[in-house]
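The structure appears below as structure tokens.
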Amino acid sequence: MPYKPRVAFAFVIGFVAICAPILASIYLAWRESVATEKTLGLTYAQDVLHRTEETASQFQAAQQKVAQARLPPCSPQDVKLLREVDLGSSFFKAAGRIANNTLLCTSQGVINPISLGEPDLVTEQGIAEYFNKQLWPQPGHALNVYASDGFAMIVDPQLAVDVSTEGPDVELAVFVPSAPDHDRVAAVGQKLPSNWFEAIPKGAPSTVLEDGYLVTRVRSAKWDISVVAATPQRYIIQRIRHFAFFFIPVGVLCGALLAWAVSYLTRVRSSFPTMLRRAVRDKAFYVEYQPVVELQSRRVIGAEALVRWSSRFADIRPDYFIPLAEDCGLIHLITKQVMEIVTGDLPRLLKMDPDFKVAINMSAADLRDFATIEALGEVLRTSGAGPNNVEVEATERAFLQGPETAELLEELRRRGFTISIDDFGTGYSSLSCLQSLALDTLKIDRAFVETINTDGATSQVVKHIIDMAHSLHLEMIAEGVENEPQARFLLNHGVRFAQGWHFGRPMPLHRLCEQIRIHAIPPEATFSASPGRRHSETRR
Ligand code: G
Ligand code: G
Ligand code: MN
């Protein structure tokens, strides 16, 4: 992306950076609140359902026990048994005997018969239910009676719905889903409109927002029982305020931090040309050399010069600053500085090995500018090197720039410089151009070397690149060699040179000189004498 739109883009990003965390925090607060209220509603409903199911189970167990005893109803032994089952069942007020809708005796003894009238409903399991009966003249609310096979259980319906909730406005009700009117067995609340008492399928709780309430319904898998719990929507709003109180400041803080970071980066970017000019003036650029070895002998025969920038704050990577320098048209300043440094280093290297070759990376802009020819000539004159000691590395992209570049490379080659194509295979490769280009060496990109001895889909590509280079009579340097099997493979396929962490990372000049010295012994000796040394270089 060109420079100016990129700054505009940064502003858009900055704006989004401020708004997004705030919107996100509101959204989060809303989601958290609804989720919390849903969970609470479900907890209430399940709590009530559990109590009601427990009551039903106790009724069933007591009823079976009494039926099995086969005692004459309301006989002294029968009343004794009723008292026993009453004491064993925590949800009972009392147990009793019933016939023709009339309560005849209870666990408290024989009483005057109490007529209950017709049952309010009969459940799927055949239990007759009588609601809100004022059974005896003692204080307390009305009771429910459940009856089956002459056995009756008297229950305080408020017991099931007496669960503690987050506020007084939570409405709860137990109802019988199979009954035509879904009659309420028990309830707390004033509202409880009839549309809340809708039968839902067994086993799948449902939660919906209706009538200003979050309405949760659950249904028993075993019994003919459903529960509805309704929490006022107002509680959700209160909760959102509560969450927002925490989330929004965090969102604002994140937004502010992001906006600051973006504006800082934008400022750094817009002041980049100034920074770069200052770095050139202060000689903040330096060079590291990555050794190039001959695979057969493992001799260091050359090195690639890689530029580094030690800024006031930190070391900046070339991946970052080279494209920026290219964008703002200042790459030639960096190239010039690299050439100056290499000029200074070459005499020392040539003293150790007169055939040593240093590769310099060139950008597309350098290769359109005929001053580059002059600058390279200056390198030779000042350092005393020959053109065979200097290799010009250009990326595929640079090669495809047009007639000036082709002409310039042609001229460099005529003058005896080595020309290599860098990162081959990763750019907009136009294979047909390879033949017509003024080219000596192809650098096989790390991406292809990585696939050697793997079964990835591209692992065959490296062989084709090698074959092609052979048929075009190009020299090859494999890049990014990280282990011995890769080195072996390349050697066996006729690649003569390589660089990569297996042989050495980019290093300062004095370390490079050491490496040259170590490997300057006869090849056989080198090969067996120094694997330990080589391995110590293979850190990852
Ligand atoms: O080794 P390193 O991570 O520094 O290399 C990162 C990239 O920067 C490589 O693709 C390399 O081609 C590029 N590079 C390194 N030094 C120079 C240089 O002096 N000029 C140019 N144009 N590119 C360079
Ligand atoms: O694109 P060019 O080849 O100029 O860049 C070389 C880049 O590759 C640098 O970033 C350098 O640090 C990196 N490099 C060199 N050798 C290896 C290697 O063996 N493995 C990996 N992963 N990176 C390497
Ligand atoms: Mn390179």
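Label the range 141-221 by shape, choosing from rounded, prolate and oblate, from the square roots a ≥ b ≥ c of the eigenvalues of the Cα gyration tensor; if a/c is under 1.5 it is rounded, and otherwise prolate applies when a/b is larger than b/c, oblate when it is not. Verdict is oblate for the range 141-221.
With contacts defined as alpha carbon pairs under 8 Å and 6 or more residues apart, what's the relative contact order of the range 69-173 in percent?
Numbers: 168 pairs, mean separation 21.5, N = 105.
About 20 percent, as a whole number.
With the charge dipole of the chain set up from +1 on Lys and Arg Cβ and -1 on Asp and Glu Cβ about the Cα centre, the Cα lying farthest toward the positive end among the listed residues 387, 494, 364 is that of 387.
Taking a threshold of 25 Å on the Cα-Cα distance, which of the pairs 133/191; 336/463; 336/443 fall above it? Don't skip to the end; give the middle numbers.
Values: 133/191 23 Å; 336/463 37 Å; 336/443 23 Å.
Too far apart for the 25 Å limit: 336/463.
Relative protection proxy for 67-74, 383-390, 172-179, from highest mean packing down: 172-179, 383-390, 67-74 (other beta-carbon atoms within 10 angstrom). Taking amide H positions as modeled 1.01 Å from N, with prolines and chain starts lacking one, no residue 5 or more places away or on another chain lies under 5 Å from residue 503. Taking the Cα centre of the range 1-115 as origin, work out the dipole magnitude from +1 charges on Lys and Arg Cβ and -1 charges on Asp and Glu Cβ, in debye rounded to 20. Using Cβ point charges on Lys, Arg, Asp and Glu, the range 1-115 gives about 260 debye. Taking the alpha carbon gyration tensor of the range 387-500, multiplying each eigenvalue by 5 and rooting it gives semi-axes of 25, 15, 11 Å, largest first. Please give me the summed charge of the neighbours of residue 39: other residues whose Cβ is under 13 Å from its Cβ, Lys and Arg +1, Asp and Glu -1. Neighbourhood net charge equals -1.
Ignoring lysines fewer than eight residues from residue 202 along the same chain, the ones with Cα atoms less than 21 angstrom from its Cα are 38, 222.
Looking at the P(r) of the chain, how many percent of alpha-carbon pairs lie beyond 43 Å? Considering the chain, 54 percent of its Cα-Cα pairs are separated by more than 43 Å. Residues whose amide H falls under 5 Å from that of residue 151, counting only those 5 or more places apart or on a different chain, are 98, with hydrogens built in the peptide plane.
Each Lys and Arg contributes +1 and each Asp and Glu -1, all at the Cβ; summed about the Cα centre of the range 391-472, the dipole is approximately 120 debye. Largest first, the three principal axis extents of the alpha carbons in the range 33-158 are 58, 29, 28 Å in whole numbers. Over the chain, what relative contact order in percent results from Cα pairs under 8 Å that are six or more residues apart? Reported relative contact order: 12 percent. Every Cα-Cα pair of the range 191-321 was included, and the share exceeding 25 Å stands at 66 percent.
Among the chymotrypsin sites (Phe, Trp or Tyr not before Pro) in the range 308-389, those placed in a DSSP loop whose Cβ has at most 13 other Cβ atoms within 10 Å are 313, 370. A simple charge model with +1 on the Cβ of Lys and Arg, -1 on the Cβ of Asp and Glu and nothing else charged puts the dipole of the chain at about 1300 debye relative to its Cα centre. Taking a sphere under 12 Å around the Cβ of residue 200 and counting the other residues whose Cβ falls inside, with K and R at +1 and D and E at -1, yields a net charge of +2.
Which one of 20, 91, 52 is farthest out on the positive end of the charge dipole of the range 18-133, using unit charges on Cβ (Lys, Arg +1; Asp, Glu -1) and the Cα centre as origin? Among 20, 91, 52, the one farthest towards the positive end of the dipole of the range 18-133 is 91. From helices alone, the chain scores -14500 deg cm²/dmol at 222 nm; the rule is -39500 (n - 2.57) for each run of n ≥ 4 DSSP H residues, then divide by the residue total. In the chain, a dipole from Cβ-located charges (positive for Lys and Arg, negative for Asp and Glu) runs towards its positive end, and of 249, 33, 190 it is 249 whose Cα lies farthest in that direction. Remark on residue 304: its backbone amide H falls under 5 Å from those of 290, 292, 359, a criterion applied only to residues 5 or more positions apart or on other chains, H modelled at 1.01 Å from N. According to the Kirkwood relation over distinct C-alpha pairs, the hydrodynamic radius of the range 305-401 is 14.2 Å.
Computed from the coordinates by the stated procedures, all read-outs in this text should not be read as laboratory data. Quick caveat: nothing in here was measured; it's all calculated off a predicted structure. Cβ coordinates were reconstructed from backbone atoms using ideal geometry, including for glycine residues, and neighbour counts include every protein chain displayed.
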